[in-house]
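The values are calculated or read from the model by the stated rules, or taken from the named source; none is laboratory data. Being a predicted model, the structure only gives us computed values, none of them experimental. Here Cβ is always computed from backbone atoms with ideal geometry, including for glycine, and neighbour counts include all displayed protein chains. When the accessible area is computed, the model is the full protein with side chains, heavy atoms only, and any ligands, DNA or RNA have been set aside. Shrake-Rupley method; radii C 1.70, N 1.55, O 1.52, S 1.80 Å.
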Amino acid sequence: MPKIAIQGGLGSFHEIAAQAYFGDDLELLCCETFQDVFSALHDQATNKVMVAIGNSRYGDINKVYDVLIANHVKKEALRYWISGEVYVPVTQCLLALPGTTLSDIQEVHSQAPALGQCTTFLHTKLPHAVLVEEEDTAGSAALV
């Protein structure tokens, strides 16, 4: 059973991507940040990772590219290579406690790419809400 390091927790888009690419029979090592994912690879806690490198609505995921580029510039003994790809359709949902109306919402917490994907909705429907960047979407849902 492959052990795959992902950024975020169970229920995250990285979990969905890992299952789509590697199948359902896998063990996940859930990491808080992208750097933690690559640290797990470097420390040999896993030999495979699943990370998003781009988003068709948001663009490149710079935190991942930063790690990949730094690894090659430093000429690390253990180099990271992209070995495959999977496309995951993403649909974002706004999660709130039962009975909450849009006008009740003061803050929206999510990962930067998710907030970026929803810019039009957020500015149109929630112009008063403060956008708070978190490490991942699944973790943001757990906050609610």
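Once the Cα-Cα distance is subtracted from the 0.36 nm per residue extended length, the TYR87 to ASP104 segment shows a gain of 2.6 nm.
Taking GluC sites (Glu not before Pro) across the range 1-109, the ones in a DSSP loop with at most 15 further Cβ atoms lying within 10 angstrom of their Cβ are GLU32, GLU76, GLU85. Taking amide H positions as modeled 1.01 Å from N, with prolines and chain starts lacking one, the residues under 5 Å from VAL108 and 5 or more places away or on another chain are VAL130, LEU131, VAL132. The modelled label-to-label distance between LEU95 and GLN35, using points 7 Å beyond Cα along the C-beta direction, is 2.6 nm. Packing-based ranking of 62-74, 34-46 yields 34-46, 62-74, ordered from highest to lowest mean Cβ neighbour count within 10 Å.
On a per residue basis, the range 99-144 carries 56 Å² of accessible surface, using protein heavy atoms and a 1.4 Å probe. Modelled spin labels at ILE69 and ALA45, positioned 7 Å past Cα toward Cβ, are 2.6 nm from each other.
Could you look at the chain and say what percent of its accessible area is carbon and sulfur, using a 1.4 Å probe and all protein chains? Before the final figure, lay out each step's value.
Numbers: 4860 of 9010 Å².
Of the solvent-accessible surface of the chain, carbon and sulfur hold 54 percent.
Express as a percent, rounded to the nearest 5, the fraction of DSSP beta bridges in the chain (both residues included) that run antiparallel. Of all bridge pairs located within the chain, approximately 15 percent are antiparallel. With each label modelled as a point 7 angstrom along the Cα→C-beta vector, the ASP24-PHE121 pair spans 2.7 nm.
Express the relative contact order of the range 93-141 as a whole percentage, based on alpha carbon pairs under 8 Å and six or more residues apart in sequence. 47 percent. Computed from phi, the 3J(HN,Hα) profile of the range 79-86 under the Karplus parametrisation 6.51, -1.76, 1.60 (θ = phi - 60°) reads 8, 9, 10, 7, 10, x, 8, 9 Hz, with x in place of Gly and Pro.
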